[in-house]
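**Student:** Before anything else, here's the structure in question.
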Amino acid sequence: MNFFNLLKSLDELLYEVMSWLIFYPVTLWRALTRPLQMMDYSDAEQEDPAERQYTDTLSPPLFLLLTLVISHAVELSAVGESAVVLDKTGIGGLINDDSTYVLMRAAFFSLFPLVMAARLVQARHVKLDRTPLKAPFYSQCYVAAPFALMVSGSGILLQLHPLAAGVAGLALLVFALLWFGSLQILWFAQHLRVSRWRAALHASRAMIEALAAFIVFSLIVV
(Lines give C-alpha, C1' and ligand atoms only; values in the text may rest on other atoms or scores of the structure.)
Protein backbone atom coordinates (compact mmCIF):
# COMPACT_ATOMS: atom_id res chain seq x y z
CA MET A 1 0.00 0.00 0.00
CA ASN A 2 2.84 2.38 0.84
CA PHE A 3 4.38 1.68 -2.56
CA PHE A 4 1.15 2.59 -4.36
CA ASN A 5 0.82 5.73 -2.25
CA LEU A 6 4.34 6.65 -3.29
CA LEU A 7 3.49 6.12 -6.96
CA LYS A 8 0.40 8.27 -6.58
CA SER A 9 2.43 11.02 -4.93
CA LEU A 10 5.00 10.87 -7.73
CA ASP A 11 2.20 10.99 -10.29
CA GLU A 12 0.77 14.13 -8.71
CA LEU A 13 4.22 15.70 -8.38
CA LEU A 14 5.06 15.03 -12.03
CA TYR A 15 1.78 16.55 -13.17
CA GLU A 16 2.29 19.60 -10.95
CA VAL A 17 5.84 20.21 -12.20
CA MET A 18 4.93 19.72 -15.87
CA SER A 19 1.95 22.07 -15.50
CA TRP A 20 4.43 24.82 -14.66
CA LEU A 21 5.46 24.81 -18.34
CA ILE A 22 2.02 26.20 -19.13
CA PHE A 23 1.13 28.24 -16.09
CA TYR A 24 4.48 29.98 -15.54
CA PRO A 25 4.40 31.84 -18.90
CA VAL A 26 0.71 32.63 -18.35
CA THR A 27 1.39 34.04 -14.89
CA LEU A 28 4.43 36.00 -16.06
CA TRP A 29 2.53 37.54 -18.98
CA ARG A 30 -0.34 38.60 -16.76
CA ALA A 31 2.01 39.97 -14.09
CA LEU A 32 3.83 42.05 -16.69
CA THR A 33 0.80 43.32 -18.60
CA ARG A 34 -1.82 43.51 -15.81
CA PRO A 35 0.10 43.71 -12.52
CA LEU A 36 -2.56 45.49 -10.46
CA GLN A 37 -5.28 43.14 -11.70
CA MET A 38 -3.10 40.19 -10.72
CA MET A 39 -2.72 41.62 -7.23
CA ASP A 40 -6.50 41.95 -6.96
CA TYR A 41 -6.84 38.41 -8.30
CA SER A 42 -4.54 37.14 -5.55
CA ASP A 43 -6.61 38.90 -2.89
CA ALA A 44 -9.76 37.27 -4.26
CA GLU A 45 -8.12 33.83 -4.38
CA GLN A 46 -7.29 34.04 -0.68
CA GLU A 47 -11.01 33.86 0.07
CA ASP A 48 -11.38 30.50 -1.72
CA PRO A 49 -10.72 27.10 -0.12
CA ALA A 50 -7.05 26.07 -0.32
CA GLU A 51 -7.65 23.38 -2.94
CA ARG A 52 -9.34 25.89 -5.28
CA GLN A 53 -6.79 28.69 -5.03
CA TYR A 54 -4.68 29.73 -8.02
CA THR A 55 -6.02 27.00 -10.30
CA ASP A 56 -5.26 28.93 -13.51
CA THR A 57 -1.94 30.48 -12.44
CA LEU A 58 1.00 29.70 -10.20
CA SER A 59 0.72 30.65 -6.55
CA PRO A 60 2.58 33.95 -5.92
CA PRO A 61 5.45 32.65 -3.74
CA LEU A 62 6.07 29.75 -6.15
CA PHE A 63 6.00 32.20 -9.06
CA LEU A 64 8.65 34.34 -7.35
CA LEU A 65 10.83 31.34 -6.56
CA LEU A 66 10.65 29.91 -10.10
CA THR A 67 11.47 33.33 -11.53
CA LEU A 68 14.65 33.46 -9.45
CA VAL A 69 15.57 29.91 -10.50
CA ILE A 70 15.15 30.83 -14.18
CA SER A 71 17.06 34.09 -13.83
CA HIS A 72 19.91 32.26 -12.09
CA ALA A 73 20.00 29.67 -14.87
CA VAL A 74 20.29 32.49 -17.42
CA GLU A 75 23.07 34.06 -15.35
CA LEU A 76 24.98 30.76 -15.28
CA SER A 77 24.78 30.45 -19.06
CA ALA A 78 25.64 34.10 -19.72
CA VAL A 79 28.35 34.99 -17.19
CA GLY A 80 29.13 31.76 -15.32
CA GLU A 81 29.10 30.92 -11.63
CA SER A 82 28.36 33.71 -9.16
CA ALA A 83 31.28 35.12 -7.17
CA VAL A 84 29.27 34.59 -3.98
CA VAL A 85 29.24 30.84 -4.53
CA LEU A 86 32.91 30.74 -5.54
CA ASP A 87 34.46 33.11 -3.00
CA LYS A 88 32.45 32.05 0.06
CA THR A 89 32.93 35.37 1.87
CA GLY A 90 30.80 36.63 4.77
CA ILE A 91 27.53 34.76 5.06
CA GLY A 92 28.43 33.56 1.59
CA GLY A 93 30.36 30.88 3.43
CA LEU A 94 26.98 29.29 4.09
CA ILE A 95 26.29 29.17 0.35
CA ASN A 96 27.98 26.06 -0.96
CA ASP A 97 25.97 25.48 -4.14
CA ASP A 98 23.51 27.07 -6.54
CA SER A 99 20.47 25.79 -4.64
CA THR A 100 21.34 27.62 -1.44
CA TYR A 101 22.26 30.70 -3.49
CA VAL A 102 18.82 30.74 -5.12
CA LEU A 103 17.17 30.31 -1.74
CA MET A 104 19.21 33.22 -0.39
CA ARG A 105 18.13 35.40 -3.30
CA ALA A 106 14.53 34.34 -2.72
CA ALA A 107 14.86 35.53 0.87
CA PHE A 108 16.28 38.85 -0.33
CA PHE A 109 13.58 39.58 -2.90
CA SER A 110 10.87 38.40 -0.50
CA LEU A 111 11.82 41.36 1.67
CA PHE A 112 9.98 43.66 -0.74
CA PRO A 113 6.58 41.90 -0.53
CA LEU A 114 7.02 41.50 3.23
CA VAL A 115 7.83 45.16 3.91
CA MET A 116 5.10 46.43 1.56
CA ALA A 117 2.52 44.13 3.16
CA ALA A 118 3.57 45.15 6.67
CA ARG A 119 3.34 48.85 5.77
CA LEU A 120 -0.20 48.33 4.45
CA VAL A 121 -1.31 46.48 7.58
CA GLN A 122 0.19 49.15 9.83
CA ALA A 123 -1.37 51.97 7.78
CA ARG A 124 -4.74 50.31 8.27
CA HIS A 125 -4.11 50.33 12.04
CA VAL A 126 -4.63 46.58 12.18
CA LYS A 127 -2.72 44.35 14.57
CA LEU A 128 0.29 42.99 12.74
CA ASP A 129 0.07 39.20 12.75
CA ARG A 130 0.07 36.36 10.23
CA THR A 131 -3.57 36.57 9.21
CA PRO A 132 -3.81 40.15 7.85
CA LEU A 133 -0.25 39.98 6.51
CA LYS A 134 -0.71 36.93 4.29
CA ALA A 135 -3.04 38.32 1.60
CA PRO A 136 -1.01 41.49 0.84
CA PHE A 137 2.23 39.49 0.95
CA TYR A 138 0.90 37.03 -1.62
CA SER A 139 -0.39 39.77 -3.91
CA GLN A 140 2.95 41.60 -3.68
CA CYS A 141 4.80 38.46 -4.81
CA TYR A 142 3.07 38.77 -8.19
CA VAL A 143 4.86 42.07 -8.88
CA ALA A 144 8.03 41.21 -6.98
CA ALA A 145 8.73 38.38 -9.44
CA PRO A 146 8.94 40.58 -12.59
CA PHE A 147 10.86 43.13 -10.51
CA ALA A 148 13.35 40.43 -9.50
CA LEU A 149 13.60 39.28 -13.11
CA MET A 150 14.41 42.81 -14.29
CA VAL A 151 16.94 43.41 -11.50
CA SER A 152 18.58 40.05 -12.24
CA GLY A 153 18.68 40.89 -15.93
CA SER A 154 20.28 44.21 -15.08
CA GLY A 155 22.92 42.44 -13.01
CA ILE A 156 23.71 40.08 -15.87
CA LEU A 157 24.11 42.95 -18.33
CA LEU A 158 26.36 44.86 -15.92
CA GLN A 159 28.69 41.86 -15.73
CA LEU A 160 29.16 41.73 -19.49
CA HIS A 161 32.15 43.52 -20.99
CA PRO A 162 30.70 45.67 -23.81
CA LEU A 163 29.92 49.22 -22.68
CA ALA A 164 26.52 49.09 -24.35
CA ALA A 165 25.57 46.15 -22.15
CA GLY A 166 26.48 48.08 -19.02
CA VAL A 167 24.42 51.09 -20.12
CA ALA A 168 21.49 48.81 -20.93
CA GLY A 169 21.86 47.19 -17.51
CA LEU A 170 21.67 50.54 -15.74
CA ALA A 171 18.68 51.57 -17.85
CA LEU A 172 16.91 48.32 -17.03
CA LEU A 173 17.59 48.79 -13.31
CA VAL A 174 16.17 52.34 -13.37
CA PHE A 175 13.12 51.12 -15.29
CA ALA A 176 12.60 48.27 -12.80
CA LEU A 177 12.68 50.66 -9.84
CA LEU A 178 10.30 53.12 -11.53
CA TRP A 179 7.93 50.33 -12.60
CA PHE A 180 7.87 48.73 -9.17
CA GLY A 181 7.59 52.06 -7.34
CA SER A 182 4.73 53.29 -9.54
CA LEU A 183 2.78 50.10 -8.91
CA GLN A 184 3.25 50.51 -5.17
CA ILE A 185 1.80 54.03 -5.26
CA LEU A 186 -1.27 52.84 -7.14
CA TRP A 187 -1.61 49.81 -4.83
CA PHE A 188 -1.43 51.84 -1.62
CA ALA A 189 -3.84 54.44 -3.02
CA GLN A 190 -6.34 51.72 -3.93
CA HIS A 191 -6.22 49.78 -0.67
CA LEU A 192 -5.93 52.71 1.75
CA ARG A 193 -8.35 54.91 -0.23
CA VAL A 194 -6.01 57.89 -0.03
CA SER A 195 -4.62 60.31 -2.58
CA ARG A 196 -1.67 59.29 -4.69
CA TRP A 197 0.49 61.82 -2.84
CA ARG A 198 -0.18 60.12 0.50
CA ALA A 199 0.15 56.74 -1.17
CA ALA A 200 3.53 57.85 -2.52
CA LEU A 201 4.66 58.57 1.05
CA HIS A 202 3.68 55.09 2.19
CA ALA A 203 5.27 53.50 -0.88
CA SER A 204 8.46 55.56 -0.52
CA ARG A 205 8.83 54.67 3.14
CA ALA A 206 8.31 50.97 2.46
CA MET A 207 10.62 51.07 -0.59
CA ILE A 208 13.40 52.74 1.42
CA GLU A 209 13.04 50.22 4.23
CA ALA A 210 13.05 47.30 1.81
CA LEU A 211 16.02 48.64 -0.16
CA ALA A 212 17.96 49.31 3.05
CA ALA A 213 17.36 45.78 4.27
CA PHE A 214 18.23 44.43 0.81
CA ILE A 215 21.50 46.39 0.67
CA VAL A 216 22.51 45.42 4.21
CA PHE A 217 21.97 41.72 3.52
CA SER A 218 23.72 42.01 0.16
CA LEU A 219 26.78 43.63 1.75
CA ILE A 220 26.90 40.96 4.44
CA VAL A 221 26.75 38.17 1.87
CA VAL A 222 29.20 39.72 -0.57
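**Student:** If residue 124 satisfies all but one of (1) modelled with pLDDT under 90; (2) surrounded by fewer than 19 Cβ atoms within 10 Å (Cβ to Cβ); (3) not aliphatic (A, V, I, L, M), what's the number of the condition it fails?
**Tutor:** Going through (1) modelled with pLDDT under 90; (2) surrounded by fewer than 19 Cβ atoms within 10 Å (Cβ to Cβ); (3) not aliphatic (A, V, I, L, M) one by one, residue 124 breaks only (1).
**Student:** Given (1) touching a residue at least 40 places away in the same chain (Cβ under 8 Å); (2) farther than 19 Å from residue 69 by Cα; (3) open to solvent by 10 Å² or more (accessible area, probe 1.4 Å); (4) under 15 Å from the mean Cα position of the chain (by Cα), where does residue 160 come up short, assuming only one miss?
**Tutor:** Here residue 160 clears every test but (4).
**Student:** Using beta carbons and a limit of 6 Å, which pairs, at least six apart or on different chains, have the first residue in the range 163-176 and touching a residue at least 12 places away in the same chain (Cβ under 8 Å) and the second one open to solvent by 60 Å² or more (accessible area, probe 1.4 Å)?
**Tutor:** 169/158
**Student:** Identify all residues within the range 176-209 that are within 20 Å of residue 137 (Cβ to Cβ) and either at pLDDT below 85 or of a type in the set (D, E, K, R) (or both); write none if there are none.
**Tutor:** 205, 209, listed by residue number.
Here is a yes/no grid of residues against (1) in contact (Cβ under 8 Å) with a residue 40 or more places away in the chain; (2) aromatic (Phe, Trp, Tyr); (3) part of a loop (DSSP other than H, G, I, E, B):
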site	(1), (2), (3)
32	yes, no, no
37	no, no, no
42	yes, no, no
51	no, no, no
58	no, no, yes
61	yes, no, no
64	yes, no, no
69	no, no, no
72	yes, no, no
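**Student:** While we're looking at this one, here's another question. Check off (1) within 20 Å of the chain's Cα centre (by Cα); (2) small (Gly, Ala, Ser); (3) at pLDDT below 95 for residue 144 and give me the number that stays unchecked.
**Tutor:** Only one criterion in (1) within 20 Å of the chain's Cα centre (by Cα); (2) small (Gly, Ala, Ser); (3) at pLDDT below 95 is unmet by residue 144, namely (3).
The values are calculated or read from the model by the stated rules, or taken from the named source; none is laboratory data. Quick caveat: nothing in here was measured; it's all calculated off a predicted structure. Don't worry about glycine lacking a Cβ; one is built from the backbone with ideal geometry, like all the others, and counts go over all protein chains shown. Only protein heavy atoms, including side chains, enter the accessible area calculation; ligands, DNA and RNA are left aside. Shrake-Rupley method; radii C 1.70, N 1.55, O 1.52, S 1.80 Å.
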